[in-house]
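For reference, the structure discussed in these notes is given below.
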Amino acid sequence: MMKKLAILIALSFFINSFGQQYSKKWADINYAGDAKNYHLMDIYLPKAVKTSYPVVVYIYGSAWYSNSSKGADMNTIGKALLDAGYAVVTPNHRSSSDTLYPGQINDIKAVIRFVRGNAATYSLDTAFIGISGSSSGGHLAALAATSVGVKKFTVDSTTMNIEGNVGKYNTFSSKVHAACDWFGPTDLLKMDSCRGSSMYAEGQSPEETLIGGTKKALRNKFVMLSPTTYIDSTDCPFLIFHGDADNVVPYCESELLYNALQLYGVQSEYVRVPGGQHYTGTHTDANIKKMVDFFNKISKNNISAVIALNNTVKTYVANNTLTIEGISDFSVYQYEIIDISGKKLRSNAFTTSKIDIASLKNGVYFFKLQSKDGNSMIDKFVK
């Protein structure tokens, strides 16, 4: 109990007030539709303005003890992703006190399905969904990535529903396109042998609390808790970070994941951080940049393609007219009007601050203004 309390206290230091690094935030969205706090998530959009954004789901670490820590690491990892032009999705999930495994991975897969089912509502480009997490969050991120397409899984006589049926978007895929695992457990049966000893009395480790029994008695369930179990040659690219001074999750856990990915020919990279501890010395600026570069390479994301021209530029609609304020020289711009599905409806030279939109049906649209040097801005308007 004291170790659990210490983990939760330590976690609180990583949930800091997050400065305004985003253009829009939707807070406390319930992705399961059940009014439970542990099924809430937040969505942040970058300051750079686009019609839609590639997505990264980031999962907090807590040894699976917390069900309400969705703000963790937004000042570091979250900020870097937003600055790079990614929408950041931060979910809560059920703790080991709320439900035994596989409830936690069922929740994360429900988050991914919700993102796909509500992409237009939240300006999300689901052509790329990345996933990342730290510690137990890294475990869930790796598990979501390796178990793509797995519904139910059986080891000997034990069967688990890995996909689950949380929420109402069960016809959508829970596939992710890239995964970044920060020092997560990956082969739960080998945690102690990796470390060289156990930190806990038998039956008292976080993973045994999550499963609801000992590794000796419930070996099959621990096999199904391990991301390494599900690896095959179709898995998405991986980037793995682990400090070699980590005394919470031994770094050999990440080596086991990396070696298994390599065995199956999965694109993967393992960064062993000299002197890196659990969070401290591993969540460095250089490593976070490496994570962003990794996601950019897979997603083909280019933040420089769309930047705000002028924070004073504003649009508003009245009497079937779209008015644009804050532009002094019309001659250097082209404009486009795009519908909510991404279809371009108009593309013309920008010659006036007032545009007739009487022919448009009632609905939500995007106004894109692009200069001759390639910079652009986008604003949403409703007719």
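Within segment 347-383, if we keep just the residues that are basic (Lys, Arg) and surrounded by fewer than 19 Cβ atoms within 10 Å (Cβ to Cβ), the residue that is modelled with the lowest pLDDT turns out to be Lys372.
The condition (being without any contact (Cβ under 8 Å) to a residue 24 or more places away in the chain, out of contact with any strand residue (DSSP E or B) (no Cβ under 6 Å at 6 or more places or on another chain) and assigned to a helix (DSSP H, G or I)) is satisfied by just one residue among Ser198, Ser193: Ser193. The listed residues are Lys109, Lys79, and the only one of them that is in a helix (DSSP H, G or I), out of contact with any strand residue (DSSP E or B) (no Cβ under 7 Å at 6 or more places or on another chain) and surrounded by fewer than 24 Cβ atoms within 10 Å (Cβ to Cβ) turns out to be Lys79. Summed over segment 2-58, residues that are outside any helix (DSSP H, G or I) and modelled with pLDDT under 55 total 5. The residues listed here are Ser174, Ser96; of these, the one that is outside the structural domain of Ile338 (by TED's automatic domain parsing), crowded, with 20+ Cβ neighbours inside 10 Å, touching a Ser or Thr at 6+ places or on another chain (Cβ under 6 Å) and outside any helix (DSSP H, G or I) is Ser96.
Considering (1) free of Cβ contacts under 8 Å to residues at least 40 places away in the same chain; (2) on the phi < 0 side of the Ramachandran plot, the lone condition that Cys180 does not fulfil carries the number (1). Mind checking which residues of segment 112-135 are part of a loop (DSSP other than H, G, I, E, B) and within 23 Å of Ile288 (Cα to Cα)? Ser135 - this is the single residue of segment 112-135 that is part of a loop (DSSP other than H, G, I, E, B) and within 23 Å of Ile288 (Cα to Cα). One residue stands out in segment 316-336 among those that are β-branched (Val, Ile, Thr) and touching a Ser or Thr at 6+ places or on another chain (Cβ under 8 Å): the one that is modelled with the highest pLDDT, namely Thr323. Does Ser174 satisfy the criteria of being touching a residue at least 40 places away in the same chain (Cβ under 8 Å), in contact with a helix residue (DSSP H, G or I) (Cβ under 8 Å, 6 or more places away or on another chain) and either aromatic (Phe, Trp, Tyr) or within 17 Å of Ser268 (Cα to Cα) (or both)? The answer is no for Ser174. Against the test of being farther than 17 Å from Asp181 by Cβ and not aromatic (Phe, Trp, Tyr), the options Val49, Val57 yield a single qualifying residue, Val49. Within the set Gln262, Gln277, the sole residue that is without any contact (Cβ under 8 Å) to a residue 60 or more places away in the chain, polar (S, T, N, Q) and assigned to a helix (DSSP H, G or I) turns out to be Gln262.
Residues in segment 202-249 that are touching a strand residue (DSSP E or B) at 6+ places or on another chain (Cβ under 9 Å) and assigned to a loop (DSSP other than H, G, I, E, B): Leu218, Asp235, Cys236, Pro237, Asp244, Ala245, Asp246, Val249. Per the conditions (1) crowded, with 16+ Cβ neighbours inside 10 Å; (2) in contact (Cβ under 8 Å) with a residue 24 or more places away in the chain, the sole criterion not satisfied by Gly212 is (1).
For segment 59-72, a residue qualifies if it is crowded, with 24+ Cβ neighbours inside 10 Å, of a type outside the set (Ser, Thr, Tyr), assigned to a loop (DSSP other than H, G, I, E, B) and at pLDDT 95 or above, and the qualifying residues are Gly61, Ala63, Trp64. A single entry from Gly149, Gly167, Gly138, Gly184 fulfils the requirement of being surrounded by 22 or more Cβ atoms within 10 Å (Cβ to Cβ), modelled with pLDDT of 95 or more, not hydroxyl-bearing (Ser, Thr, Tyr) and not in a helix (DSSP H, G or I): Gly184.
The values are calculated or read from the model by the stated rules, or taken from the named source; none is laboratory data. Just so you know, these numbers come straight off a predicted model, no measurement behind them. Positions of Cβ are generated from backbone atoms using ideal geometry, with glycine treated the same way; all protein chains shown enter the neighbour counts.
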